[in-house]
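Quick note: the coordinates plus some simple rules give every number you see, no bench work behind them. Note that the structure is a prediction, hence the values are computed from the model and not measured. Ideal geometry is used to build each Cβ from the backbone, glycine not excepted, and the neighbour counts take in all protein chains shown.
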Amino acid sequence: MTDRRLVALDQRSHGQSDAPQTGYGLDVLAADAGSVIRELGLNRPVVVGHSWGGTVALEVGATLPDLVSGVALMDGPIASMSERISWEDASRMMQPPLPRYTSFEEAFQTSRQMLGEAWDEDLQPFVTSGLRRDGDAWVLTLTSPVRLQILEQLYRFRPEVAAAAIDAPLLIGLAANDIAMRGRKEEGASRMREIRPDAEIRWYDSRHDIPLIRADEVATDLEALARRAVD
């Protein structure tokens, strides 16, 4: 595989980025990503997003086409949620209590259990960068009010519309081991094939955190996407 420059963006309220109380519309988040691309002098990169970040990647590809050469969505929404469930039901379903940890080690143990054999100590900075001190505990940099704003944007987002507007190679990665959502993902994938027959839809033998669990496979697929973008 050729050498590639990799730039990881901490979105608002994540990692070391600022955490404003408002400003989580997809237009704003896409503008954030666009600013990073311009400020760093990136030459039409492939934009990759996981989960919520996948919606941002689609929005960047759809609304800022001159800045990107390809788009990859990893286990993000691929079907409009608002067409099958009310916002009231969706907001209740998607808001489990945010975790509180007594120590970094407890946070590491939680991630270790989620990631299984993919966990290693090199992921500890990834975990700690998403935590802040709150009294005698460590909590996520993401707060409940901000999470609610993000969830509402996810609920109202129409990935089919964004995907149709992207004039660049598109990779859609889906977690095959998410049994509860497998049927809906297959329906969404079928719809995406109709809208974007040129898109590559890839099922990974993985849970939701595909980039961490199947890092080598994702890297290979992104290299292939980058080559398609050049071609």
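The stretch 90-163 gives an Rg/Rh value of 1.06, both radii derived from C-alpha positions and Rh following Kirkwood.
Where Rh denotes the Kirkwood radius from the mean inverse Cα pair distance, what is Rg over Rh for the stretch 113-231? Mind dumping the intermediate values first?
On the way: Rg = 17.4 Å, Rh = 17.1 Å.
We get a ratio of 1.02 for the stretch 113-231.
Starting from 0.36 nm per residue, how many nanometres of slack lie between ALA165 and ASP27 once their C-alpha separation is accounted for?
Numbers: separation 138, 0.36 × 138 = 49.68 nm, distance 1.49 nm.
Full extension of this stretch gives 48.2 nm more.
Which loop trypsin sites (Lys or Arg not before Pro) in the stretch 17-116, with loop taken from DSSP, have no more than 12 other Cβ atoms within 10 angstrom of their Cβ?
Hits after loop and neighbour filter: ARG84.
Adding -39500 (n - 2.57) for every DSSP H run of four residues or longer, then dividing by how many residues the chain holds, sets the calculated 222 nm ellipticity at -13500 deg cm²/dmol. By the Cα gyration tensor, the chain has an equivalent ellipsoid whose semi-axes, rounded to whole angstrom, run 27, 21, 19 from largest to smallest.
Extents of the stretch 99-141, largest first, come to 32, 15, 13 Å (Cα atoms, principal axes, whole angstrom).
Arranged from fewest to most other beta-carbon atoms within 10 Å of their beta carbon, HIS14, HIS50 become HIS14, HIS50.
Under a Cβ-only charge scheme (Lys and Arg +1, Asp and Glu -1), can you give me the dipole magnitude of the stretch 49-205 about the Cα centre, in debye to the nearest 20? Provide the component values of the computation, followed by the final result.
On the way: 16 positive and 24 negative charges, 89 e Å.
Dipole about the Cα centre, nearest 20: 420 debye.
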